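Student: Starting off with a structure, shown below.
The values are calculated or read from the model by the stated rules, or taken from the named source; none is laboratory data. What you see is a predicted model; the values in this text were computed from it and never measured. Quick reminder, even Gly has a Cβ in these numbers, built from the backbone with ideal geometry, and neighbours come from all protein chains shown.
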Amino acid sequence: MTTYATGAEFLVTPEKPSVVGRSDILRPLTPTVRGRSAGDLRSEVDIRHRTLTVALPREIGGDDTGPSPFEYVLGGFAGCLTAVVQLVAREQGVALRDVDVLVTGTIDPHGLRGLRQDHAGFQTITGRVRLSGDIDVHELSDLVTEVERRCPIHTLLTAAGVPPQLRWMVTPV
């Protein structure tokens with residue numbers, strides 16, 4: 001048994017790690033980022049000990065010197081899905097070799113540019129999650145349900161009225 005700084009106790013077994021004891025003793029995660037202008041339609045964002053350049057693409061007036069804010073949202077979503085899939089699979093005892101996520105978002109530029117008064121955010125988010133491993137259809141169903149419930153960015157997008165439409169695929173190994 002290992003005790004982590006959060007005070008939660010984890011029983012680690014080769015088959016399936018599980019939380020032991022009260023789950024309400026876990027402290028909330030509180031990420032903080034700082035953004036500042038770094039040129040015309042460009043910013044630098046500090047996240048922990050990293051600095052990211054955020055820039056709008058040329059087709060909407062930016063200089064395209066870095067990923068756009070929209071691409072960072074999609075990248076964060078893909079990364080979050082990948083991590084939560086691995087976490088849930090481990091907890092459920094599902095052996096995965098690889099997780100590959102591809103997501104695409106559609107944004108109507110009219111709202112962004114103030115040309116219409118409607119929604120300026122993502123209109124749709126679609127994608128596919130390809131898993132490589134030994135997983136049957138029932139395990140996949142349980143995994144997908146739990147991942148969609150526990151992925152913070154999936155729940156955020158869904159609450160914002162843009163539920164991601166994902167195709168889940170399995171490649172047996």
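Student: Please identify the pairs in which a residue from the stretch 38-49 that is at positive phi has its Cβ atom under 8 Å from the Cβ atom of a residue that is in a loop (DSSP other than H, G, I, E, B), counting only partners at least 6 apart or on another chain.
Tutor: 39/63; 39/65; 41/56; 41/61; 41/62; 41/63
Student: Consider residue 46 carefully, then state whether it is closer than 22 Å to residue 165 by Cβ, charged (D, E, K, R) and loosely packed, with under 14 Cβ neighbours inside 10 Å.
Tutor: No: the conditions fail for residue 46.
Each row is one residue, and each column tells you yes or no for (1) surrounded by fewer than 18 Cβ atoms within 10 Å (Cβ to Cβ); (2) outside the structural domain of residue 100 (by TED's automatic domain parsing); (3) charged (D, E, K, R); (4) within 24 Å of residue 106 (Cα to Cα).
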site	(1), (2), (3), (4)
130	yes, no, yes, yes
134	yes, no, yes, no
137	yes, no, no, no
146	yes, no, yes, no
149	yes, no, yes, yes
154	no, no, no, yes
159	yes, no, no, yes
165	yes, no, no, yes
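Student: How do the strands (runs of 3 or more DSSP E) wholly within the stretch 7-70 filter down when requiring 1 or more residues that are modelled with pLDDT under 90 and outside the structural domain of residue 89 (by TED's automatic domain parsing): which remain?
Tutor: Once the strands (runs of 3 or more DSSP E) in the stretch 7-70 are filtered for at least 1 residues that are modelled with pLDDT under 90 and outside the structural domain of residue 89 (by TED's automatic domain parsing), what remains is 9-11, 18-20.
Student: Go through the stretch 75-173 and tell me which helices (runs of 4 or more DSSP H), entirely inside it, have 1 or more residues that are polar (S, T, N, Q).
Tutor: 137-150, 152-159
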